[in-house]
Amino acid sequence: MSLGTPNVYPNVLTWLGVARELTGGTPVLPVITHPLDQNSFEPEDTPKFLDDKAIRGSMTDLFYKTLGVESGTFSFGGPNFLDSHGYFFDNVFGDLSSTGTGAANAATANSALAVGAVAMTLSSTTPTSYTANATIQIGTGSTSEVVIISTTAASNIVNFANNPLRFTHATGATVSTCGTPFTHTFAALNSPLGYGGAYGAQPPTHTFTDVTNIVNVFTSATYGTAPTNTYGARQYPSGVLKSLDFSGNAEQLLSIKMAGDSWISTVATSAVTNVTTNSRPIPNWVSTVVIAGNTVSSTGAYSGIGEFMVSFKRATQVYWTVQGQQNPFIIARGPLTMDGSIQWDPTNSETPLDLMLLNAQAPMSITMSNASIPNSGTPFTLTFNANQVANTKSKIMRSKILVGYGNTFEGISNATNVGGSGGLGPGTIVLTNNTPTY
């Protein structure tokens, strides 16, 4: 027992860190702390135990449990923090194009660049501003991407080891330095090559670090093979999200819930740093909703939205193989879908019902920004875009004083809501903030 009181570990001193992995399943230290609701974070190691129930002539039926394959699950949520949330968007979508502001120090690529490349040669002398930690933009349009320089060489070689390229770039592709704000577009990854250049259209994986400050007092000498958790942190590598659920009640902050799978946890092997976000959540009342080209307001046929919900989901599958290890071979990502609901509450027309009965499949966008909110901190803008939305249910509501409609919708895959990898997609997320890359 320590002097004064027993050792205890308050919940409010715990935190969640996140970082993108360069190699799936290889834990990395967190680069940012993601704030969340205290009761929402529920990581869990879920090893499978194999029962020996072979009869032995005794009136019982369980003789041994063998440790089998293993993995982890997690879920968490809370208000929106739009600098750290980009990591989760990237995990679900996989296609990420980014642009910066104030392009300067123009250069061009000396040769074609492949997906997964971590260096390039410039066609002329490297501008003096291209130094370590400088932010540069490669390419334009839907395949533009922002990377952070790690090192440069006298032979016009620029390295960006921690930011593998997500798209191919032709010889002569434009390159420039850039700054804040940055605009990120997240779309369904459709190219055969996924993150890092591996085949299979798989987005990046992330390490989620659960810092509880609880130190494991057992050592291998005193308790089997239990590791000593020196740093009070446990890491869940190869984290794969299968759902992003946004809730937009007009009286509340935009909230986000997430869930997914990972490898079994492992103790952190070095000290972790709490890099707290400086963002402030955006309330839902500032949202601008546009449906079928009409901006929802307090008057007219398109009015009275009191709440919306938007969900992006990934089909996922955990695969184990006979490979001499208990962790999964891969946690695979399948199709990306988008759905949600809109509460027209109150309503002054049958527009919500018409959207369903006429099978309008009209475009929809929801945008929110803290730009007009006093003392709101770093400027952020978040937009959900869906070019083709099918309203599949419209139910009249009489539970309150005024009449309303509750509509549910699904995003239809189309050629507009896509990124640099092309193909089709059900919707996109556009995020503007001061974070250069995810």
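Restricting ALA187, ALA132, ALA153 to residues that are more than 18 Å from GLY100 (Cβ to Cβ), surrounded by fewer than 22 Cβ atoms within 10 Å (Cβ to Cβ) and in contact with a strand residue (DSSP E or B) (Cβ under 9 Å, 6 or more places away or on another chain) narrows the list to ALA153.
Considering THR121, THR99, THR66, THR73, which residue is under 30 Å from SER247 (Cα atoms), in a strand (DSSP E or B) and either more than 17 Å from the chain's Cα centre (by Cα) or at pLDDT below 95 (or both)? Working first, answer last.
Working: THR121 fails: under 30 Å from SER247 (Cα atoms); THR66 fails: under 30 Å from SER247 (Cα atoms); THR73 fails: either more than 17 Å from the chain's Cα centre (by Cα) or at pLDDT below 95 (or both).
Within the list THR121, THR99, THR66, THR73, the selection yields THR99.
Yes/no matrix, rows are residues, columns are (1) among the β-branched types (Val, Ile, Thr); (2) modelled with pLDDT of 95 or more:
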position: ALA109; (1), (2): no, yes
position: ALA112; (1), (2): no, yes
position: ALA117; (1), (2): no, yes
position: THR125; (1), (2): yes, no
position: SER129; (1), (2): no, no
position: ILE138; (1), (2): yes, yes
position: THR143; (1), (2): yes, yes
position: VAL146; (1), (2): yes, yes
position: ILE149; (1), (2): yes, yes
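Within the range 124-148, how many residues are in a loop (DSSP other than H, G, I, E, B), within 21 Å of THR185 (Cα to Cα) and of a type in the set (Val, Ile, Thr)? Break it down into steps so the answer makes sense when it comes.
Step one: filter the range 124-148 for residues in a loop (DSSP other than H, G, I, E, B), giving 124-134, 139-140, 144.
Subset that is within 21 Å of THR185 (Cα to Cα): 139-140, 144.
From the residues that got through so far, the ones that are of a type in the set (Val, Ile, Thr) too are 140.
Selection size over the range 124-148: 1.
Within the range 195-218, residues that are within 21 Å of GLY232 (Cβ to Cβ) and at pLDDT 95 or above reach partners that are of a type in the set (Asp, Glu) and outside any loop (DSSP other than H, G, I, E, B) with beta carbons closer than 9 Å, at six or more positions or on different chains, in the pairs HIS206/ASP90. Screening LYS393 against (1) charged (D, E, K, R); (2) touching a strand residue (DSSP E or B) at 6+ places or on another chain (Cβ under 6 Å); (3) touching a residue at least 40 places away in the same chain (Cβ under 8 Å) leaves a single unmet condition, (3). If the condition is being in a loop (DSSP other than H, G, I, E, B) and either farther than 18 Å from SER191 by Cα or among the polar types (S, T, N, Q) (or both), then the range 102-118 contributes ASN110, SER111, VAL118. Within the range 313-320, can one find any residue that is surrounded by fewer than 20 Cβ atoms within 10 Å (Cβ to Cβ), at pLDDT below 95 and charged (D, E, K, R)? The answer is no; no qualifying residue exists.
For GLY248, indicate whether it is small (Gly, Ala, Ser), on the phi > 0 side of the Ramachandran plot and either at pLDDT 95 or above or out of contact with any Cys (no Cβ under 8 Å at 6 or more places or on another chain) (or both).
Values: small (Gly, Ala, Ser): yes; on the phi > 0 side of the Ramachandran plot: no; either at pLDDT 95 or above or out of contact with any Cys (no Cβ under 8 Å at 6 or more places or on another chain) (or both): yes.
It is false that GLY248 is small (Gly, Ala, Ser), on the phi > 0 side of the Ramachandran plot and either at pLDDT 95 or above or out of contact with any Cys (no Cβ under 8 Å at 6 or more places or on another chain) (or both).
In contact with a helix residue (DSSP H, G or I) (Cβ under 8 Å, 6 or more places away or on another chain) and of a type in the set (A, V, I, L, M, F, W, C): does that describe VAL418?
Working: in contact with a helix residue (DSSP H, G or I) (Cβ under 8 Å, 6 or more places away or on another chain): yes; of a type in the set (A, V, I, L, M, F, W, C): yes.
The answer is yes for VAL418.
Looking only at the range 258-287, residues that are touching an Asp or Glu at 6+ places or on another chain (Cβ under 9 Å) and either without any contact (Cβ under 8 Å) to a residue 12 or more places away in the chain or not hydroxyl-bearing (Ser, Thr, Tyr) (or both) come to 8 in all.
Against the conditions (1) modelled with pLDDT of 95 or more; (2) assigned to a loop (DSSP other than H, G, I, E, B), GLY300 satisfies every one except (1). Is at least one residue of the range 364-378 out of contact with any Ser or Thr (no Cβ under 7 Å at 6 or more places or on another chain), exposed (fewer than 15 other Cβ atoms within 10 Å of the Cβ) and either on the phi > 0 side of the Ramachandran plot or at pLDDT 95 or above (or both)? Yes - at least one qualifying residue is present in the range 364-378.
Matching residues to (1) surrounded by fewer than 19 Cβ atoms within 10 Å (Cβ to Cβ); (2) closer than 18 Å to SER262 by Cβ:
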| site | (1), (2) |
| --- | --- |
| VAL8 | yes, no |
| ASP37 | yes, no |
| SER40 | yes, yes |
| ASP52 | yes, no |
| GLY57 | yes, no |
| PHE63 | yes, no |
| THR66 | yes, no |
| LEU82 | no, no |
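Give the residues of the range 363-378 that are under 13 Å from VAL289 (Cα atoms) and of a type in the set (Gly, Ala, Ser), sorted by residue number. Answer for the range 363-378, where residues must be under 13 Å from VAL289 (Cα atoms) and of a type in the set (Gly, Ala, Ser): SER365, SER369.
Going by the structure shown, is SER279 part of a loop (DSSP other than H, G, I, E, B) and either touching a strand residue (DSSP E or B) at 6+ places or on another chain (Cβ under 8 Å) or on the phi > 0 side of the Ramachandran plot (or both)?
Details: part of a loop (DSSP other than H, G, I, E, B): yes; either touching a strand residue (DSSP E or B) at 6+ places or on another chain (Cβ under 8 Å) or on the phi > 0 side of the Ramachandran plot (or both): yes.
Answer is yes for this residue.
Within the range 1-45, the residues that satisfy the criterion of being out of contact with any strand residue (DSSP E or B) (no Cβ under 8 Å at 6 or more places or on another chain) and among the aliphatic types (A, V, I, L, M) are MET1, LEU3, VAL8, VAL12, LEU13, LEU22. Please go through the range 20-43 and pick out each residue that is over 28 Å from GLY196 (Cβ atoms), outside any loop (DSSP other than H, G, I, E, B) and in contact with a Gly (Cβ under 7 Å, 6 or more places away or on another chain). SER40, the sole residue that qualifies.
When ALA114, ALA107 are checked against the criterion of being loosely packed, with under 14 Cβ neighbours inside 10 Å, touching a residue at least 60 places away in the same chain (Cβ under 8 Å) and among the aliphatic types (A, V, I, L, M), a single residue qualifies: ALA114.
Give the range 312-331 a look and list any residue that's assigned to a strand (DSSP E or B), more than 16 Å from the chain's Cα centre (by Cα) and touching a residue at least 24 places away in the same chain (Cβ under 8 Å), or say none. Please lay out each step first, then the result.
Filtering the range 312-331 for residues assigned to a strand (DSSP E or B) gives 312-319, 330-331.
Among the residues that remain, those that are also more than 16 Å from the chain's Cα centre (by Cα) are: 317-319, 330.
Selection gives VAL318, ILE330.
Answer with yes or no whether LEU355 is at pLDDT 95 or above, more than 23 Å from LEU189 (Cβ to Cβ), not in a loop (DSSP other than H, G, I, E, B) and not basic (Lys, Arg). Against the criterion (at pLDDT 95 or above, more than 23 Å from LEU189 (Cβ to Cβ), not in a loop (DSSP other than H, G, I, E, B) and not basic (Lys, Arg)), LEU355 qualifies.
The values are calculated or read from the model by the stated rules, or taken from the named source; none is laboratory data. Values in this document were obtained by computation on a predicted structure and should not be read as measured data. Virtual Cβ from ideal backbone geometry, glycine too; neighbours counted across all protein chains shown.
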